[in-house]
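Colleague: Take a look at this one; I'll ask things after.
The values are calculated or read from the model by the stated rules, or taken from the named source; none is laboratory data. As the structure is a computational prediction, the values presented were derived from the model and not from experiment. Glycine gets a Cβ as well: all are built from the backbone with ideal geometry, and neighbour counts include every protein chain shown.
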Amino acid sequence: METTCEIPPAAVRARLKLPAPLARDVLGIAVPAGAFALSFGALSTSTGFTVAQTCALSLLMFTGGSQFALVSAIASGSAALPATTVAVLLGSRNALYGLRLTGLLRLSPLRRVFAAQLVIDESAAMATSQEDPEHGRMAFWATGLAIFTLWNLGTLLGALGGRLLPDPSTLGLDAAAPAAFLALLAPRVKARETRVTALVAVVVVLILVPFTPIGVPVVVAALVAVATGMRMRAHVAGR
Amino acid sequence: MWPAVLLGSLCCYLLKLAGMLIPQRVLDSARVQRLAALAPVALLTALIAMQTFSTGRHLGLDGRAGGLCAAAVLILLRAPFLLVVAGAVATSALLHLA
């Protein structure tokens, strides 16, 4: 009897088991995100969204930048349609992550329908920064699911008790995501075209921020930077 | 506010899904593979700059910039990921206090 109870088989356990360093990194990126969701919940309900609408945003939209953009735009007096447009514009970067993730994850069409909801900055950054594709796949699912859980839990708590919480910026939590992205990107930005792409992205986004609507700078900067990086490679290859 | 919540969420999901449904033969093209490799780098560096130096449409330096500097130093010292994030959060919090 005891031997038959030895499930799951080793292969299944191996698939489910995250290497400890990867699990630590996932927590390192997911816990600050969950804490930040507290402030999203608080901001959203103080703007006039109901608790149900606030939780629906985190469950269904589930892309932090877009959620903050939508709620902040409404808070600053924007009408619903332009606010939604900004949120969608910011969300368009998730389509670009798909270019890289689709090849890495190799999923059946049905699973893609579920995996798509987990495509966010953090899961894309973690998945694409792993050397080994198998670790990349694990990093995608672990990061996506951990953040989905903590982000929604944080949103609910923030929406219910938001005014009791301190501002996340006084806790320094607003520095967590940029620091995490920098740590994940730094080892990968070695080739000259990658460095130029990164530099162009930074310069263009900073130039555009004061002059364009929220949501435009990141998307335009990324497109300009990718185009520059690709031209460089073509130029080098052509010589 | 429900129309904004639901329409915005639907569009954001469809964008995520669109990226995941790009056919394999498109992804096999060498040009698309280069684009796919550069896109996350470009998007994430643009995001780092925006999340660190902007508030709405205003640029400025505050605790977040200090946090990012601390992260950069820790990365150069080959500190583990968790320490990089914790160092950035602590530095930013201290600068917000000051």
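Colleague: I need a count of the residues in region A:143-153 that are surrounded by fewer than 24 Cβ atoms within 10 Å (Cβ to Cβ) and among the small types (Gly, Ala, Ser).
Modeller: Within region A:143-153, residues that are surrounded by fewer than 24 Cβ atoms within 10 Å (Cβ to Cβ) and among the small types (Gly, Ala, Ser) number 1.
Colleague: Can you pull out every residue in region A:165-180 that is in contact (Cβ under 8 Å) with a residue 24 or more places away in the chain and more than 19 Å from the chain's Cα centre (by Cα)?
Modeller: Scanning region A:165-180 gives A:LEU165, A:ASP167, A:LEU171.
Colleague: Only one of A:ALA186, A:ALA198 is among the aliphatic types (A, V, I, L, M) and free of Cβ contacts under 8 Å to residues at least 24 places away in the same chain; which?
Modeller: On the way: A:ALA198 fails: free of Cβ contacts under 8 Å to residues at least 24 places away in the same chain.
When all the criteria are applied, what remains is A:ALA186.
Colleague: Can you name every residue in region A:113-139 that is more than 11 Å from every other protein chain (Cβ to nearest Cβ) and surrounded by fewer than 24 Cβ atoms within 10 Å (Cβ to Cβ)?
Modeller: A:GLN130, A:GLU131, A:ASP132, A:PRO133, A:GLU134, A:HIS135, A:GLY136, A:ARG137, A:MET138
Colleague: Right, next: Consider A:LEU173 against the criteria (1) closer than 30 Å to A:VAL51 by Cα; (2) in contact with a Ser or Thr (Cβ under 8 Å, 6 or more places away or on another chain); (3) more than 10 Å from chain B (Cβ to nearest Cβ): it satisfies all of them except one. Which criterion is unmet?
Modeller: Result: A:LEU173 passes all but (3).
Colleague: Okay, moving on. Consider region B:63-90. How many of its residues are more than 24 Å from A:VAL219 (Cα to Cα) and more than 7 Å from chain A (Cβ to nearest Cβ)?
Modeller: Result for region B:63-90: 13.
Colleague: Spot the failing condition for A:GLY215; the list is (1) more than 7 Å from chain B (Cβ to nearest Cβ); (2) at negative phi, and only one is missed.
Modeller: (2)
Colleague: From the list A:LEU110, A:LEU89, A:LEU70, A:LEU104, which one is more than 7 Å from chain B (Cβ to nearest Cβ), over 26 Å from A:VAL26 (Cβ atoms), in a helix (DSSP H, G or I) and at pLDDT 90 or above? Spell out how you get there, then give the answer.
Modeller: Values: A:LEU110 fails: over 26 Å from A:VAL26 (Cβ atoms); A:LEU70 fails: more than 7 Å from chain B (Cβ to nearest Cβ); A:LEU104 fails: over 26 Å from A:VAL26 (Cβ atoms).
After ruling out the rest, the residue left standing is A:LEU89.
Colleague: Any residue in region B:23-38 that's over 15 Å from A:ALA95 (Cα atoms) and within 7 Å of chain A (Cβ to nearest Cβ): show its pairings with residues that are surrounded by 11 or more Cβ atoms within 10 Å (Cβ to Cβ) and among the charged types (D, E, K, R) at Cβ separation under 7 Å, as long as the two are six or more apart or on different chains.
Modeller: Qualifying pairs under 7 Å: B:ARG34/A:ARG233.
Colleague: Moving on. For region A:37-54, which positions are in a helix (DSSP H, G or I), more than 7 Å from every other protein chain (Cβ to nearest Cβ) and surrounded by fewer than 20 Cβ atoms within 10 Å (Cβ to Cβ)?
Modeller: A:SER46, A:THR47, A:VAL51, A:ALA52
Colleague: Looking at region B:20-33, can you tell me whether even one residue there is of a type outside the set (D, E, K, R) and buried (at least 21 other Cβ atoms within 10 Å of the Cβ)?
Modeller: Yes, region B:20-33 has at least one match.
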